[in-house]
Amino acid sequence: QVQLVVPMAVVFAPGSVPGDLPRPLPFRDVQEMEISVNLRTSVTARYEMRYRSTTAQEEAALAAATAREADAALYPLQDTTLGSLTMYVVPETSSLLPQGIDVYVGKHRSALLRAGGSLAALQAWLQEVAQVMSFRASSIAAALSDRVPDGQLSPDARRDLKSSLGYEITFSLLNPDPKSHTVDWDIEGAVKRFVKPVLDKLSLVANFSVDSQILYYAVLGVTPRYDKESSSFLLSAHSLPHVINPVEARLGSSAASLYPVLNFLLYVPERSHSPLYIQDKDGAPVSTNAFHSPRWGGIMVYNVEAPASPQASLPLHVDVDMARVMEVFLAQLRLLFGLSREEVPPEFLLESPGNEGLADWELDHLLWAHTVENIATVSTTLTSLAQLLDKIGNIVIKDDVASEVYRAVASVQSAVTELSLGHLLAAFQASKEAVTSSERAFFDPSLLHLLYFPDDQKFAIYIPLFLPMAVPILLSLAKIVRETRLRKKEPTKMD
């Protein structure tokens, strides 16, 4: 049984304290929520709330002109432990929150809430904000998707990347028509400027490696349809799944990779198919001219402006606008990690994460989901290993394999304990160690199933070898026995 504990501080600004508080500030309260995964598995979410009034410094910070300025000023004053949340309740008349907005979620681990009058209304808002900033029942179910019956999962639940100790990111430029286009892209500078800040933030979750390549004469494998009205070529939504397989064959095999590979492709259409636009299911053009494939990556079509004069010399030199391209690829990266902001109620205003690509609470969101998924993975791996060992009675378990199993069990127990204490970072690190140890034990070469034969197979293998040798030996033994018996029957000579 896994219990996820979220430490929350609820801070009341002057004029925002509900009139029906059960006791004077400060005090503590606990709210629990059961997340049922299947008949045998459930996760308990426990929100440990500490209600208090603002300090003088916090009051000064809340006197800022805008919510963004207040969030920046409050950041040094709050608890920045991973997994913890701070909710600042402001009066209903406060000008910090725009009209029609009741909740402002900042870049860090805090939010501003408009006071709702009663404690019950406030607690309903607090639980909603806590689920947005930490984990929802749907995100935990998605993390445990292997254990959820198929009919109970939403279509998007299996879209997110599975938890891994590392990921490899590959940026590929596809130039199918190098005779017409010479494409120049500053991928190294773009990775340093746009991708590195995001990966630095995600380095807590996993290790990342980035590489890039340019592929010539690589086509999409789907012939686009020509549209006379717009004088352009169109790729419809139903043809997009057929684009990936032909392209993937050219990308280089990911079979040699230890970790999942995320592919981001920039496709410059050949001159005969330019301009090329992607249509959505309703037939409208996609504004980004890009699409993404869950757990695989994304493709963006980059159209080149036709030369002003038809006599222009070929190949045309193309300088790629990397800011526009990376904006799309980073949005796709967020989708691959399940950091979509579409589920948020309309009364919520979420601050843009800026250059870092994801807010602090979104990082926590990933850590919660990955910790639960790691614990489930270790449980499944060790159960499978135990079943294998029970099945093969004569298997030899070496000391180093046994120590890895003990380490995995100890680490996963430590992860569950740290979660119940509200220590998210320590729990995540323990779950990663548990995954590493359990995988080492499970894939140890000495435990290969084919090394150990059942007894009936051994007899089938060895009898044809020993039977030719055994026949003369058995005949000789029979002869010796017969001669011994004859000797005993002969009368002994008496003097």
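First select every other residue whose beta carbon is under 14 angstrom from the beta carbon of LEU97; then total the charges, Lys and Arg +1, Asp and Glu -1. Write down the numbers at each step before the final one.
Numbers: positive: ARG68, ARG114; negative: GLU69, ASP71, GLU92, ASP102, GLU347, GLU351.
Taking every Cβ under 14 Å from that of LEU97, the sum is -4.
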**Span from the segment 1-25 Cα centroid across to the segment 160-194 one, whole angstrom** = 47
**Prompt:** Using the beta-carbon distance between GLN3 and ALA323 and R0 = 30 Å, what value does 1/(1 + (r/R0)^6) give for FRET efficiency, to the nearest 0.05?
**Reply:** 0.10
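So how much slack lies between LYS398 and ASP211, counting 0.36 nm per residue of separation and subtracting their Cα-Cα distance, in nm?
Numbers: separation 187, 0.36 × 187 = 67.32 nm, distance 3.90 nm.
Extending this stretch completely gives an extra 63.4 nm.
Just how large is the dipole of segment 2-144 about the Cα centre, in debye to the nearest 20, putting +1 at every Lys and Arg Cβ and -1 at every Asp and Glu Cβ?
Computed charge dipole of segment 2-144: roughly 300 debye.
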**Request:** Kindly provide the pair-distance distribution of segment 166-337 built from C-alpha pairs, with 10 Å bins from 0 and whole-percent values in order of increasing distance.
**Result:** 9, 38, 36, 15, 3, 0
**Request:** Excluding residues fewer than 8 places away in the same chain, name every one of the lysines whose C-alpha is closer than 16 Å to that of LYS107.
**Result:** LYS201
**Fill in**
For LEU173, the residues 5 or more places away or on another chain with a placed amide H closer than 5 Å to its own amide H are GLN213, ILE214, LEU215, LEU266
**Item:** Calculated over the chain: convex hull of Cα atoms, volume per residue (Å³)
**Value:** 273
**Request:** Normalise the Cα radius of gyration of segment 2-144 by 2.2 N^0.38 Å (N = residues in it) and let me know the number.
**Result:** 1.08
**Message:** How big is the dipole moment of the chain about its Cα centre under a simple scheme where the beta carbon of each Lys and Arg is +1, that of each Asp and Glu is -1, and everything else is neutral? Debye, nearest 20, please.
**Reply:** 2340
**Asked** Share of segment 348-495's accessible area from carbon and sulfur, percent, 1.4 Å?
**Response** 63
**Asked** Label-point separation (nm) for LEU474 and ARG250, each offset 7 Å from Cα along Cα-to-Cβ?
**Response** 6.9
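Given a Förster distance of 22 Å, report the FRET efficiency between TRP296 and TYR406 from their Cβ-Cβ distance, rounded to the nearest 0.05. Could you put the intermediate results ahead of the total?
Working: r = 37 Å, r/R0 = 1.69.
In this case the efficiency is close to 0.05.
Tell me, what is the per residue accessible area of segment 246-397 in Å², probe radius 1.4 Å?
48
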**Asked** What value does segment 362-429 have for Rg/Rh, both radii from Cα atoms and Rh as Kirkwood defines it?
**Response** 1.10
**Message:** How large is the accessible surface of ILE480 in square angstrom, using a 1.4 angstrom probe and rounding to the nearest 10?
**Reply:** 100
**Message:** Using amide H atoms built in the peptide plane, which far-off residues or other-chain residues are under 5 Å from ALA9 H to H?
**Reply:** ARG50, LEU85, THR86, MET87
**Message:** Testing the spin-label approximation: label points 7 Å from Cα along Cα→Cβ at SER272 and THR81. State their distance in nm.
**Reply:** 6.5
**Message:** Could you give each residue of segment 214-225 its phi-based ³J(HN,Hα) in whole Hz, using Karplus coefficients 6.51, -1.76, 1.60 with θ = phi - 60°, and x for Gly or Pro?
**Reply:** 10, 10, 9, 6, 9, 9, 6, x, 10, 7, x, 8
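Over segment 359-493, what portion of Cα pair distances is larger than 28 Å, expressed as a whole percent? Spell out each step's value before the answer.
Details: 4576 of 9045 pairs.
More than 28 Å apart: 51 percent of the Cα pairs in segment 359-493.
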**Message:** Let's test the formula: R0 of 22 Å, r as the Cβ-Cβ distance of GLU34 and ASP280. What FRET efficiency results, to the nearest 0.05?
**Reply:** 0.05
**Asked** Of all DSSP beta bridges located in the chain, what percent are antiparallel, nearest 5?
**Response** 30
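Relative to the present Cα-Cα distance, how much length would full extension add between GLU305 and LYS162 at 0.36 nm per residue of separation? Before the final figure, lay out the partial values.
Working: separation 143, 0.36 × 143 = 51.48 nm, distance 3.94 nm.
Extra length available between GLU305 and LYS162 comes to 47.5 nm.
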**Complete:** Whole-Hz Karplus couplings 3J(HN,Hα) for segment 200-209, θ = phi - 60° and coefficients 6.51, -1.76, 1.60, Gly and Pro as x, run 4, 5, 7, 4, 5, 7, 6, 8, 10, 10
**Request:** Output ³J(HN,Hα) for segment 294-300: one whole-Hz value per residue in order, computed from phi by the Karplus curve 6.51 cos²θ - 1.76 cosθ + 1.60 with θ = phi - 60°, and x for Gly and Pro.
**Result:** x, 6, 10, x, x, 10, 10
**Message:** Could you check the spin-label model distance between TYR462 and VAL481? Points 7 Å from the Cα along Cα→Cβ, value in nm.
**Reply:** 2.2
**Request:** Give me the accessible area of THR436, 1.4 Å probe, in Å² rounded to the nearest 10.
**Result:** 40
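The values are calculated or read from the model by the stated rules, or taken from the named source; none is laboratory data. What you are looking at is a predicted structure, and each value in this text was computed from that prediction instead of being measured. Every residue, glycine as well, gets a Cβ built from its backbone with ideal geometry; the counts of neighbours run over all protein chains shown. Please note that ligands, DNA and RNA were not included when accessible areas were found on the heavy atoms of the full protein model with its side chains. Shrake-Rupley method; radii C 1.70, N 1.55, O 1.52, S 1.80 Å.
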